[in-house]
Amino acid sequence: MARDTSDHRPIESRDALVAWIEAGARPRDRWKLGTEHEKFPFHLADHGPVPYDGAVGIHALLEGLRDRTGWEPIFDGEAIIGLADDHGGGAISLEPGGQFELSGAPLADVHATKREFDAHLADIHAVADPLGIRFAGLGASPKWHLTETPVMPKSRYAIMRNYMPKVGSRGLDMMFRTSTVQVNLDFSSEADMAAKMRVGLALQPLATALFAVSPFLDRKPTGFLSTRSEIWRDTDRNRTGMLPRAFEAGFGFESYVEWALDVPMYFVKRGDTYHDATDVTFREFMAGALAKRLPGVVPEMGDWVNHVGTLFPEVRLKRYIEMRGADAGSRASVPALPAFWVGLLYDADTLDAASRLVADWTTEERQTLRDTVPRLGLATPFRGRTLRDVAVEVLAIARAGLKARARLDDDGRDETVHLEMLEAIAESGKTQADRLLEAYRGEWAGNIDRAFDATMW
């Protein structure tokens, strides 16, 4: 997230929280998509991490990008921590360990996402190359221990860094050593939202398998194809996971709000100060739990917006739906992710087909997929076949959805061109992670530095 929200309207009731989410609904002809992608900056000379400070650090990189793009700087105290394109809607932000993120603008189609990504790469290379900085497309940093990973000067991360070890064993790894690519999608109504959430949650393990590209940590293979996804399994179970309530009868905006209300908060922000609120849920905050600690502070809509942005289920609902299950990977991964989900969810016929496919999957089956996929990927067994077989079927549905949209690029190609990477993975059964492991055990001869070179953007 580039910057936290300030909205000083007092929260009058729980209904206002439901209404805030409901206000995100928009008609089909106004649907867009926004793609977020993270990457690990590293020094080309020694494959070392890039600190915040210094002549060739993250601070210098952000200042150079500010000068090149004209985007507005975002500050935390005196430190520049991001950039915002206040005209186009995009933003650059920093994850806790220096992962460099572009939160893309809402765009009309996947081709536009690809153009946005290419422009972003041109900007960062123009500034980063003279600094000796490159970027790795990996779901987990392969080499640096936690103690070697830089810490970015963002106040909210100090609160999270203190809280994470209290609620899981892998929260710090998640913060400092993982990267992802996500897509944000629109919905037209409560029923449309519920259908997309259910398909998204059921098929999120499949997305994890298709995009798996994090087989290393601490200079060696971990035994997982998506170490990033495995790390999330023990980060904070209050705010992560497969959200079983989404499959209950009557699931809607109210049900999601009820879940969110009972998740512990991270912070309350007033002015430039972040107040630790990890010991209360949002429901308790609304009932006055912080009144003595923070005299005069009443729950505001900005607090709710910030809180909803600190929930991390596999599919997250805000005023749009976020697909959160994929590792950051190759350049082709960035447009491939929105192509996958837009193909499944933005055409009525394909959404219906995908809904029928997963309709009888049980809670236990969905959870077993979630738990098994980080290790086995497309080889995960499912109902007498493998997830690779499911992938072929699902990708055919997604291809049909993109063809029905008939959005063409300048060369007359529709959006299915961006699915080709995933179709090749499904056909071969080999993910990006599988190929990295083969190289590590073969031509790299165990040299983990080669992982940076092989995945360099």
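Return only the number of the condition from (1) of a type in the set (S, T, N, Q); (2) part of a helix (DSSP H, G or I); (3) in contact (Cβ under 8 Å) with a residue 12 or more places away in the chain; (4) surrounded by fewer than 24 Cβ atoms within 10 Å (Cβ to Cβ) that S330 does not satisfy.
Checking S330 against (1) of a type in the set (S, T, N, Q); (2) part of a helix (DSSP H, G or I); (3) in contact (Cβ under 8 Å) with a residue 12 or more places away in the chain; (4) surrounded by fewer than 24 Cβ atoms within 10 Å (Cβ to Cβ), the one that fails is (2).
Hey, among the residues in segment 425-449 that are farther than 15 Å from F211 by Cα and in a helix (DSSP H, G or I), which one's least open to solvent (accessible area, probe 1.4 Å)?
This residue is A439.
I need every pair where a residue in segment 146-162 that is of a type in the set (G, A, S) has its Cβ under 8 Å from the Cβ of a residue that is open to solvent by less than 50 Å² (accessible area, probe 1.4 Å), sequence separation at least 6 or different chains.
S155/D76; S155/Y274; A158/Y274
Looking at D123, D129 in this structure, which one is surrounded by fewer than 22 Cβ atoms within 10 Å (Cβ to Cβ) and free of Cβ contacts under 8 Å to residues at least 40 places away in the same chain? Can you show your working first?
On the way: D123 fails: free of Cβ contacts under 8 Å to residues at least 40 places away in the same chain.
Going through D123, D129 in turn, the sole match is D129.
Can you work out which of the residues in segment 277-297 that are of a type outside the set (V, I, T) and either in contact with a Leu (Cβ under 7 Å, 6 or more places away or on another chain) or buried (at least 16 other Cβ atoms within 10 Å of the Cβ) (or both) is nearest to E322 (Cα to Cα)? Break it down stepwise before answering.
Step one: filter segment 277-297 for residues of a type outside the set (V, I, T), giving 277, 279, 282-296.
Next, from what is left, pick out any that are either in contact with a Leu (Cβ under 7 Å, 6 or more places away or on another chain) or buried (at least 16 other Cβ atoms within 10 Å of the Cβ) (or both): 277, 282-286, 289-290.
Numbers: A277: 25, F282: 21, R283: 23, E284: 26, F285: 26, M286: 26, A289: 30, L290: 30 Å.
Across segment 277-297, the extreme among qualifying residues is F282.
Give me the strands (runs of 3 or more DSSP E) completely within segment 22-139, filtered to those with at least 2 residues that are at pLDDT 95 or above, among the β-branched types (V, I, T) and touching a strand residue (DSSP E or B) at 6+ places or on another chain (Cβ under 8 Å), ordered by residue number. Explain how you work it out, then say what you get.
On the way: elements: 33-43, 72-76, 79-84, 91-94, 100-103, 133-136.
Because the criterion is at least 2 residues that are at pLDDT 95 or above, among the β-branched types (V, I, T) and touching a strand residue (DSSP E or B) at 6+ places or on another chain (Cβ under 8 Å), the strands (runs of 3 or more DSSP E) in segment 22-139 that meet it are 79-84.
If the requirement is being of a type in the set (A, V, I, L, M), open to solvent by less than 50 Å² (accessible area, probe 1.4 Å) and touching a His at 6+ places or on another chain (Cβ under 9 Å), which of these qualifies: A246, A260? Lay out the reasoning, then the answer.
On the way: A246 fails: touching a His at 6+ places or on another chain (Cβ under 9 Å).
The unique qualifying residue is A260.
Does E63 qualify as being open to solvent by less than 40 Å² (accessible area, probe 1.4 Å), among the acidic types (D, E) and in contact (Cβ under 8 Å) with a residue 12 or more places away in the chain?
Numbers: open to solvent by less than 40 Å² (accessible area, probe 1.4 Å): no; among the acidic types (D, E): yes; in contact (Cβ under 8 Å) with a residue 12 or more places away in the chain: yes.
Considered against the rule, which asks whether it is open to solvent by less than 40 Å² (accessible area, probe 1.4 Å), among the acidic types (D, E) and in contact (Cβ under 8 Å) with a residue 12 or more places away in the chain, E63 comes out as no.
Residue by residue, here is whether (1) in a loop (DSSP other than H, G, I, E, B); (2) of a type in the set (S, T, Y); (3) over 24 Å from L203 (Cα atoms) holds:
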position	(1), (2), (3)
E230	no, no, no
A246	no, no, no
F251	yes, no, no
W259	no, no, no
V268	no, no, yes
R283	no, no, yes
G296	yes, no, yes
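With more than 24 Å from G325 (Cβ to Cβ) and without any contact (Cβ under 8 Å) to a residue 12 or more places away in the chain as the only criterion, which of D360, D411, D352 stands out?
Details: D360 fails: more than 24 Å from G325 (Cβ to Cβ); D352 fails: more than 24 Å from G325 (Cβ to Cβ).
Answer to the selection: D411.
For segment 407-424, name all the residues that are of a type outside the set (S, T, Y) and either open to solvent by less than 20 Å² (accessible area, probe 1.4 Å) or in a loop (DSSP other than H, G, I, E, B) (or both). Working first, answer last.
Taking segment 407-424 first, the residues of a type outside the set (S, T, Y) are 407-415, 417-424.
Those that are of a type outside the set (S, T, Y) and either open to solvent by less than 20 Å² (accessible area, probe 1.4 Å) or in a loop (DSSP other than H, G, I, E, B) (or both): R407, L408, D409, D410, D411, G412, R413, D414, E415, L419, L422.
I need the full set of residues from segment 349-397 which are β-branched (V, I, T), open to solvent by 40 Å² or more (accessible area, probe 1.4 Å) and not in a helix (DSSP H, G or I), in order please.
T362, T386
Does E314 satisfy the condition of being farther than 22 Å from S229 by Cβ, touching a residue at least 24 places away in the same chain (Cβ under 8 Å) and of a type in the set (D, E, K, R)?
Numbers: farther than 22 Å from S229 by Cβ: no; touching a residue at least 24 places away in the same chain (Cβ under 8 Å): yes; of a type in the set (D, E, K, R): yes.
Against the criterion (farther than 22 Å from S229 by Cβ, touching a residue at least 24 places away in the same chain (Cβ under 8 Å) and of a type in the set (D, E, K, R)), E314 does not qualify.
Out of all the residues in segment 1-21, which are in contact with a Leu (Cβ under 8 Å, 6 or more places away or on another chain), open to solvent by less than 50 Å² (accessible area, probe 1.4 Å) and in a helix (DSSP H, G or I)?
L17, I21
Restricting the first residue to segment 242-271 and requiring it to be within 22 Å of E364 (Cα to Cα), which pairs with a second residue that is part of a helix (DSSP H, G or I) and among the hydroxyl-bearing types (S, T, Y) meet a Cβ separation below 7 Å and a spacing of at least six or different chains?
Taking only residues 6 or more apart or on different chains, the pairs are P244/T363; R245/S255; F247/T363.
The values are calculated or read from the model by the stated rules, or taken from the named source; none is laboratory data. Being a predicted model, the structure only gives us computed values, none of them experimental. Note that we place each Cβ from the backbone using ideal geometry, even for glycine, and neighbour counts take in every protein chain shown. Keep in mind that these areas ignore ligands, DNA and RNA; they rest on the heavy atoms of the full protein, side chains included. Shrake-Rupley method; radii C 1.70, N 1.55, O 1.52, S 1.80 Å.
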